[in-house]
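Shown next, in structure tokens, is the structure this report addresses.
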Amino acid sequence: MITASLLAVAALCSQIPRLEIDASTESFLGPGTPQRLTYDAFRDQFGRDDAAVIAVRTRDVFSFDFLERLRALHRDLEEGLPHLDDVTSLTNVRHTRGEADRLVVGEFLESWPTTNGDLEVLRERALSHPLYRDSLVSSDATTAIVTARPALHSNLAGPEEVLGGFDDPAGFDGSAGNGTNSLSGDQMSEFVGALHEIVDRHHAADFDIYVAGQAVLNERVVRGMIGDIGLFTGLLVVAIGAALGWLFRSLSAVAIALVTAVLAAACGFGVMVVTGRPLTAPSQVIPTFLLAVGVGNSVHLLAIFFQARHRGRSVEDALAFALGHSGLAIVLSGLTTAGSLSSFLGASLAPVSDFGLVAPLSVLVALALSLVLLPALMVVVPMHGLAAAISPLRRFPVACGALGYRHVGPVLVAWLILFAVSGIAASRVHFSNDPLDWFDPDEPQRVATELLNDKFGGANSIEVLVDSGRENGLHEPELLRRIEALEAHAEGLPIGDSEFGSAKLSIAQVVKEIHQGLDGGRPESWAIPAERRLVAQELLLFEMSGSDDLEEVVDSSFQVGRVSLSAPMIDAVLYVPVLERLQRDFAEILGDTRFQITGHFALAATTTTALVQSLARTYTLAFALIAPFMIVLLGSFRTGMLSMLPAVGSILVTLGAMELLGLPLDAFTLLVGSIALGLAVDDTIHFMHNYARFRQRGQDVESAIRSTLESTGQALLFTSIVLAVGFLVYTQAQLNMLRNFGLLTAIAITLAFLANVTLAPALVTAVARLRGEAGAR
């Protein structure tokens with residue numbers, strides 16, 4: 001059995017090198033969802049919108065020293081960044097001007113300044129130009145922006161991959177968008193890692209650099225995930241080993257429990273690969289969760305095993321007794337935990353739905369190891385000595401149970417009051433989907449993002465795809481003026497404590513830029529030409545100039561145009577009503593013209609809506625999956641439903657604690673409910689299963705409760721200690737959302753234990769009294 005188990009584990013673990021990591025915003029939506037299809041089609045047509053945004057602060061941007069440093073930074077980024085599409089800054093931004101009868105498209109700093117007069121000309125030109133002011137340079141000329149955009153496709157890919165689908169342009173409905181050729185997670189990490197190395201070399205006095213953007217935040221999450229997994233695995237093994245050592249005082253018992261649990265956790269990574277699921281921010285808790293579950297199963301067997309050995313039974317008899325006492329309960333608790341976690345399968349968020357597939361399968365693997373590998377190890381590994389800590393700890397669950405069956409009314413009333421107060425507090429828990437809250441206030445990426453929110457309208461973007469409905473439809477001056485009105489409407493629109501910035505890219509801006517350049521650069525010429533023929537001619541001149549910048553704002557047929565609007569990166573809960581408003585307002589502005597809103601702003605808003613919808617669905621489904629197990633186990637509908645009260649109540653109290661602690665409900669704390677429900681029901685199953693066994697042997701209610709808590713109660717206490725310690729390890733995480741997750745899960749486990757040793761005895765005693773059973777008074 002040991003050999004067979006290790007071979008099975010080795011087969012799963014051999015897949016781990018193929019594990020992929022994905023922390024991107026779009027990964028929260030499944031590939032087949034409408035928003036994801038639209039987003040993938042947008043990226044296939046216009047490229048990535050998750051650029052790295054570098055803000056450089058100084059006393060005066062328009063100084064010789066600063067511009068030289070900016071040029072050096074720009075050059076190093078172009079030469080040193082792998083998987084790069086382009087770098088944009090004041091040193092190379094497009095400058096369009098007319099010369100005689102032709103259009104010249106050059107660079108803003110094509111002629112390098114040599115005098116103070118040159119600097120003043122540059123200052124006036126930059127701060128008066130709509131495409132530069134508050135986009136590439138702040139209005140007070142103290143901050144300049146450098147944008148480094150990663151490539152959509154890997155520059156290491158073969159020509160077939162890069163050019164695949166080139167002749168089949170993506171439709172406006174997203175039907176051709178697939179996003180399958182995007183850079184991998186490792187390649188994005190290479191890009192951002194090289195970016196930080198280059199930026200670090202250029203930090204200097206009066207050249208303060210801040211790095212933000214969606215790509216940078218995603219990579220920081222990935223880096224935190226990788227670091228936390230290694231850290232937590234080590235800390236958890238140490239913490240659990242110390243707890244088990246104190247409880248059992250047997251190194252061999254600690255060793256076999258940890259070996260079983262660590263192998264179960266490793267198998268969790270293998271299950272991800274086999275099921276084709278990447279490691280995401282939510283799923284990174286699976287290995288640590290499996291460690292805790294595996295140890296919990298071990299504790300139940302070892303605690304009863306040691307009790308039997310203490311009474312003089314042989315190793316084989318003690319093991320048979322432990323399996324007879326707790327084996328069925330372990331099986332049922334494993335199935336209920338898997339059932340509870342499978343409730344996430346119906347979640348609208350892809351990582352959460354993936355969690356609902358990978359976590360239950362991994363729990364079943366851990367269950368198999370607990371019933372096959374662990375008993376085999378218990379037979380062959382000598383375990384001497386009995387835990388000195390067991391005897392005094394045994395009294396605690398028994399004392400709690402006595403309180404429950406001797407003071408039924410007060411115990412029930414106290415718990416019901418706690419549930420009612422918690423329910424009121426839980427109703428006020430606020431939803432949140434704010435990536436910045438994942439980081440500490442002094443985290444460099446958070447500081448940089450907040451700077452961009454304040455001075456440039458944000459590092460996020462709203463992408464609007466406008467479909468004219470016909471070839472060259474974007475030559476129509478009327479439609480271009482509607483797009484111009486759309487941009488004006490969005491600029492400065494309030495959202496929370498922030499507001500939208502100006503448009504970053506659009507076909508309307510390019511047309512106005514060309515028209516102004518051909519008219520000598522006069523400010524009043526920043527306008528849409530009045531005639532369709534003139535628009536077409538000016539766009540043709542721009543294309544003939546050698547610039548390919550039109551590819552960023554319009555498709556090759558001039559049917560679909562892009563409008564990119566600056567948006568603050570804040571709590572996406574605030575995005576939802578604003579997105580709804582923009583849908584209405586843009587529809588009114590554009591009239592019958594079709595449009596679609598996409599980009600990270602829209603993805604975040606959609607994710608938030610899915611988060612809210614998933615909450616009630618997953619909790620309700622988890623309850624619906626677990627309740628039948630309890631009813632069948634106890635043989636009574638009423639008793640089975642009542643037995644759910646300790647577990648469900650502990651979740652309710654935990655939600656109330658979230659409000660008191662000021663913690664939001666997000667994609668991670670959403671996991672707490674179903675995870676804790678499954679673990680809490682484990683305690684209930686062990687209590688109810690063994691209570692029923694003692695009752696079937698003829699014991700009265702009080703004796704059955706006492707016997708249950710003298711044996712199983714000890715294992716419940718040990719398991720709760722180990723699980724609480726295990727999840728408290730998350731309070732050392734780099735990311736705040738994982739700290740909250742660990743703290744809340746530990747609270748829920750502790751509450752579930754207290755409910756199962758006080759409320760559960762009171763409930764079964766109350767039921768027995770209603771039935772008039774002996775020993776229930």
Checklist entry - How many residues are surrounded by 19 or more Cβ atoms within 10 Å (Cβ to Cβ) and small (Gly, Ala, Ser) when one looks only at segment 48-97? => result 4
Item to check | Subset of segment 113-152 that is exposed (fewer than 12 other Cβ atoms within 10 Å of the Cβ) and of a type outside the set (S, T, N, Q) - its residue that is nearest to the chain's Cα centre (by Cα) | outcome: 140
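Would you point out the residue of segment 613-636, among those that are exposed (fewer than 14 other Cβ atoms within 10 Å of the Cβ) and not hydroxyl-bearing (Ser, Thr, Tyr), that is modelled with the lowest pLDDT? Break it down stepwise before answering.
Kept after step one, since they are exposed (fewer than 14 other Cβ atoms within 10 Å of the Cβ), are these residues of segment 613-636: 616, 620, 624, 628, 632, 635.
Applying the additional criterion that residues be not hydroxyl-bearing (Ser, Thr, Tyr) yields 616, 624, 628, 632, 635.
Values: 616: 64, 624: 77, 628: 81, 632: 78, 635: 72.
Among those that are exposed (fewer than 14 other Cβ atoms within 10 Å of the Cβ) and not hydroxyl-bearing (Ser, Thr, Tyr), it is 616.
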Item to check | Which listed residue, of 271, 295, is in a helix (DSSP H, G or I), surrounded by fewer than 24 Cβ atoms within 10 Å (Cβ to Cβ), at negative phi and hydrophobic (A, V, I, L, M, F, W, C) | outcome: 271
Next on the checklist: If I go through segment 498-524 residue by residue, how many of them are without any contact (Cβ under 8 Å) to a residue 40 or more places away in the chain and surrounded by fewer than 17 Cβ atoms within 10 Å (Cβ to Cβ)?
Outcome noted: 2
Checklist entry - Out of all the residues in segment 645-664, is one or more touching a residue at least 12 places away in the same chain (Cβ under 8 Å) and under 18 Å from residue 345 (Cβ atoms)? => result no
Checklist entry - Could you say whether any residue in segment 651-658 is assigned to a helix (DSSP H, G or I), of a type in the set (Gly, Ala, Ser), modelled with pLDDT of 85 or more and within 26 Å of the chain's Cα centre (by Cα)? => result yes
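So is residue 430 out of contact with any His (no Cβ under 6 Å at 6 or more places or on another chain) and surrounded by 14 or more Cβ atoms within 10 Å (Cβ to Cβ) or not?
Details: out of contact with any His (no Cβ under 6 Å at 6 or more places or on another chain): yes; surrounded by 14 or more Cβ atoms within 10 Å (Cβ to Cβ): no.
No: the conditions fail for residue 430.
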Checklist outcome for this item: Exception for residue 665 within (1) touching a strand residue (DSSP E or B) at 6+ places or on another chain (Cβ under 6 Å); (2) buried (at least 24 other Cβ atoms within 10 Å of the Cβ) falls at (2)
Checklist entry - If you go through segment 451-468 one residue at a time, how many are part of a loop (DSSP other than H, G, I, E, B) and over 28 Å from residue 741 (Cα atoms)? => result 3
Next on the checklist: Criterion first (buried (at least 24 other Cβ atoms within 10 Å of the Cβ) and either at pLDDT below 80 or in the same structural domain as residue 681 (by TED's automatic domain parsing) (or both)) does residue 731 satisfy it?
Outcome noted: no
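Being modelled with pLDDT of 85 or more, closer than 20 Å to residue 717 by Cβ and surrounded by fewer than 22 Cβ atoms within 10 Å (Cβ to Cβ): is that true of residue 308 here?
Here the answer is yes, as residue 308 does meet what is asked.
Can residue 538 be described as in contact (Cβ under 8 Å) with a residue 40 or more places away in the chain and under 30 Å from residue 27 (Cβ atoms)? Write out each step before concluding.
Values: in contact (Cβ under 8 Å) with a residue 40 or more places away in the chain: yes; under 30 Å from residue 27 (Cβ atoms): no.
No.
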Checklist entry - How many residues, within segment 274-285, are part of a loop (DSSP other than H, G, I, E, B) and touching a strand residue (DSSP E or B) at 6+ places or on another chain (Cβ under 7 Å)? => result 1
Item to check | Residue, nearest to residue 184 (Cα to Cα), within segment 133-169, restricted to residues that are modelled with pLDDT of 90 or more and part of a loop (DSSP other than H, G, I, E, B) | outcome: 136
Item to check | Candidates 231, 235, 251 - the one that is over 28 Å from residue 570 (Cα atoms), surrounded by fewer than 21 Cβ atoms within 10 Å (Cβ to Cβ) and at pLDDT 85 or above | outcome: 251
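Residue-by-condition table, conditions (1) in contact (Cβ under 8 Å) with a residue 60 or more places away in the chain; (2) not small (Gly, Ala, Ser):
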site: 669; (1), (2): yes, yes
site: 697; (1), (2): no, yes
site: 713; (1), (2): yes, no
site: 727; (1), (2): yes, yes
site: 735; (1), (2): yes, yes
site: 749; (1), (2): yes, yes
site: 755; (1), (2): yes, no
site: 760; (1), (2): yes, no
Checklist outcome for this item: Screening 448, 425, 420 for residues that are over 27 Å from residue 135 (Cα atoms), in contact (Cβ under 8 Å) with a residue 60 or more places away in the chain and either of a type in the set (D, E, K, R) or assigned to a helix (DSSP H, G or I) (or both) leaves only 425
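The values are calculated or read from the model by the stated rules, or taken from the named source; none is laboratory data. Since the structure is predicted, the reported quantities are computational estimates derived from the model, not experimental observations. Using ideal geometry, Cβ is built from the backbone for each residue, glycine included, and neighbour counts are taken over all protein chains shown.
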